[in-house]
1. Between residue 257 and residue 170, take the C-beta separation as r, use R0 = 51 Å, and let me know the FRET efficiency to the nearest 0.05.
2. With a 10 Å radius around each residue's Cβ, average the other Cβ atoms per peptide and rank 30-40, 226-236, 80-90, highest first.
3. Once you sort the root eigenvalues of the Cα gyration tensor of the stretch 130-231 as a ≥ b ≥ c, which label holds: rounded (a/c under 1.5), prolate (a/b larger than b/c) or oblate (the other case)?
4. Rounded to the nearest percent, how much of the accessible area of the chain (1.4 Å probe, protein heavy atoms only) is carbon and sulfur?
5. Just grab the label-to-label distance for residue 152 and residue 224, each label 7 Å out from Cα along the Cβ direction, in nm (one decimal).
6. Farthest toward the dipole's positive end in the stretch 51-197, which of 80, 52, 123, given Cβ charges of +1 (Lys, Arg) and -1 (Asp, Glu) about the Cα centre?
7. Show that you can apply the helix-only estimate: for the chain, add -39,500 (n - 2.57) for every DSSP H stretch of four or more residues, divide by all residues, and state [θ] at 222 nm to the nearest 500.
8. Given the C-alpha centroids of the stretch 147-175 and the stretch 25-85, what is the distance between them in whole angstrom?
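The values are calculated or read from the model by the stated rules, or taken from the named source; none is laboratory data. Quick caveat, the model's predicted, so the values are computed rather than measured. Cβ sites come from the backbone with ideal geometry, for glycine too, and all protein chains shown count toward neighbours. Heavy atoms of the whole protein, side chains included, go into the accessibility calculation; ligands, DNA and RNA do not. Shrake-Rupley method; radii C 1.70, N 1.55, O 1.52, S 1.80 Å.
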Amino acid sequence: MRIGAEESVLPGPGHPGSATRLVPMKVLLLGGTAEARSLADTLWVEQVRFVSSLAGRVSQPRLPVGQVRTGGFGGVAGLVRHLREESITHVVDATHPFATTMTQHAAQAGRLAGVPVLRLSRPGWGSHPLASTWTWVDDYEQARSAADDLGRRPFLTTGRQTLTHFREWIGRDVVVRVVEPLEDEPPARWRVLHDRGPFDVGAELALMRRHGVNVLLTKDSGGTFTQAKLSAAHCLGVPTVVVRRPQLPPATTEVSDVASVRAWLRAG
Ligand code: NAP
């Protein structure tokens, strides 16, 4: 299938389909996730005009194929301006399920600019076979409090930007895993590991044993890259606390796979 193929022109320099056919469709793909890169692959192959957008938080990001812009838009007003100036016809918000601000901004800006927005999000871990064994909570404060009741040596994998909620654990032995270095010096007894996966169960078992962790904290990121820790924790009898996904903006249309995005774009 080729979306908008008849009216289409396009490919930029170096595109496999190059010679040139113009399309009115132009997709802004809000990314920073494996799903966004996978969608970029599909749009590229199908010669749909698109630009991927990254926040610019990661020093060595995995880049999608095709054109990429980096950095914030400057809030809702900045994004509305961008949509108009760049003649964007569709927005696909494929940011991480916990990138709540960007998702809110995309929904509002799309409404203001009259540009349709689709949310692409990987399925969460709610249907994971172990899900009923976990303690589910609504936010990081609740996660800390639940973990306090479950173990004294936490393995904290909720992300760099959430660590401020766990500062009460300043005097505890905490193992923290993050992708990027922390901006502030961590408490002396915290052990900070830098890695971004994908992880496998064997390595996760070894890590949890080595550090003697006895409670795992995570958020419902979903996907396969980071789910090995869930099985490893179960094997070791380590209880798991999971932060639920934030609510989506009202009237958001959400899909969980690339095929559904294609269908949405094809429909108009
Ligand atoms: P956030 O809190 O929702 O967004 C904060 C601000 O960062 C936004 O208001 C926007 O700035 C800018 N921004 C976010 N995503 C952007 C994008 N794709 N393109 C351009 N600007 C973007 O986001 P976050 O949780 O910090 O996540 C930042 C990025 O990392 C996202 O793209 C997300 O997909 C990726 N990521 C996040 C997580 C996570 O756990 N949160 C995990 C893996 C990957 P302006 O208001 O100036 O436009």
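1. 0.75
2. Top to bottom by mean Cβ count within 10 Å: 30-40, 226-236, 80-90.
3. Judged from the Cα gyration tensor, the stretch 130-231 comes out rounded (a/c under 1.5).
4. Taking all protein chains in place, the chain shows 50 percent carbon and sulfur surface.
5. In this crude spin-label approximation the distance works out to 4.0 nm.
6. 52
7. -9000 deg cm²/dmol
8. So the two Cα centres are separated by 33 Å.
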